[in-house]
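Below: one structure, written as structure tokens.
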Amino acid sequence: MPKKKGKKAGRNGALAAMTRPDAKVRDYDAHVLVCKGGDCKKRGSKEVQKALKNELRTAGMNRDVRIDSVECLGLCKHGPNAIVYPPGTWYLGLIESDAPEIVDGHLKNGEPVEHLAAEFRPRKKRR
Ligand code: FES
């Protein structure tokens, strides 16, 4: 068993023993984060996620792509929303029938589906 790294009690006396878990993480080709927050859920995010999973299964890619739910992506009124990594493409207002295009175009061929992808606005400059 590998030696665990840890921290001792903090300056304030609180016990802050942190150990690095032994668990290993599976290597995925892509990661999809589907919002399942209240607004996205009301608009069908559960069905969108299910459709993505079905498409991945049909394409034989369900072991290569991880799909997880997140609580909120902050663009609630545009949902159901999802982000696909790589490269970090945001898809807003998804419907179930978008799943085949995302799986085939983005996840299988590596090309984000432009007509479904959100545009990025420039970051604000720091003063
Ligand atoms: S509920 Fe989905 S972005 Fe907030």
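The values are calculated or read from the model by the stated rules, or taken from the named source; none is laboratory data. What you are looking at is a predicted structure, and each value in this text was computed from that prediction instead of being measured. Please note: Cβ atoms are built from the backbone with ideal geometry, for glycine as well, and neighbour counts cover all protein chains shown.
When the residues of region 90-103 are filtered to those that are more than 16 Å from CYS40 (Cβ to Cβ) and either without any contact (Cβ under 8 Å) to a residue 24 or more places away in the chain or surrounded by fewer than 20 Cβ atoms within 10 Å (Cβ to Cβ) (or both), which remaining residue is farthest from the ligand (Cβ to nearest atom)? First the steps, then the outcome.
Our first condition is that a residue be more than 16 Å from CYS40 (Cβ to Cβ); within region 90-103, this holds for 97, 100-101, 103.
Adding the requirement that they be either without any contact (Cβ under 8 Å) to a residue 24 or more places away in the chain or surrounded by fewer than 20 Cβ atoms within 10 Å (Cβ to Cβ) (or both) leaves 97, 100-101.
On the way: SER97: 19, PRO100: 22, GLU101: 20 Å.
Once the filter is applied, the top-ranked residue is PRO100.
Which residues, counting only those in region 26-49, are in a helix (DSSP H, G or I) and near the ligand (Cβ under 10 Å from one of its atoms)?
Within region 26-49, GLY38, ASP39, CYS40, LYS41, LYS42, SER45 qualify.
Filtering region 51-60 down to residues that are in a helix (DSSP H, G or I) and more than 14 Å from the chain's Cα centre (by Cα), which residue is farthest from the ligand (Cβ to nearest atom)? Quick ask: steps written out before the conclusion?
Restricting attention to region 51-60, the residues satisfying the condition of being in a helix (DSSP H, G or I) are 51-58.
Subsequent filtering for residues that are more than 14 Å from the chain's Cα centre (by Cα) retains 51, 54-58.
Working: ALA51: 17, ASN54: 21, GLU55: 21, LEU56: 21, ARG57: 24, THR58: 26 Å.
My answer is THR58.
Would you call ALA23 in a loop (DSSP other than H, G, I, E, B), out of contact with any Pro (no Cβ under 6 Å at 6 or more places or on another chain) and either away from the ligand (no atom under 11 Å from the Cβ) or under 20 Å from LEU92 (Cα atoms) (or both)? Spell out how you get there, then give the answer.
On the way: in a loop (DSSP other than H, G, I, E, B): yes; out of contact with any Pro (no Cβ under 6 Å at 6 or more places or on another chain): yes; either away from the ligand (no atom under 11 Å from the Cβ) or under 20 Å from LEU92 (Cα atoms) (or both): yes.
When the stated conditions are applied, ALA23 passes them.
Residue by residue through region 26-40, note down the ones that are more than 16 Å from THR89 (Cβ to Cβ) and either touching a Pro at 6+ places or on another chain (Cβ under 8 Å) or of a type in the set (A, V, I, L, M, F, W, C) (or both).
The answer is CYS40, and nothing else.
Take ASP22 and tell me if it is at pLDDT 95 or above and acidic (Asp, Glu).
Here the answer is no, as ASP22 does not meet what is asked.
Would you call LEU15 outside any strand (DSSP E or B), of a type in the set (A, V, I, L, M, F, W, C) and modelled with pLDDT of 95 or more?
In short, no.
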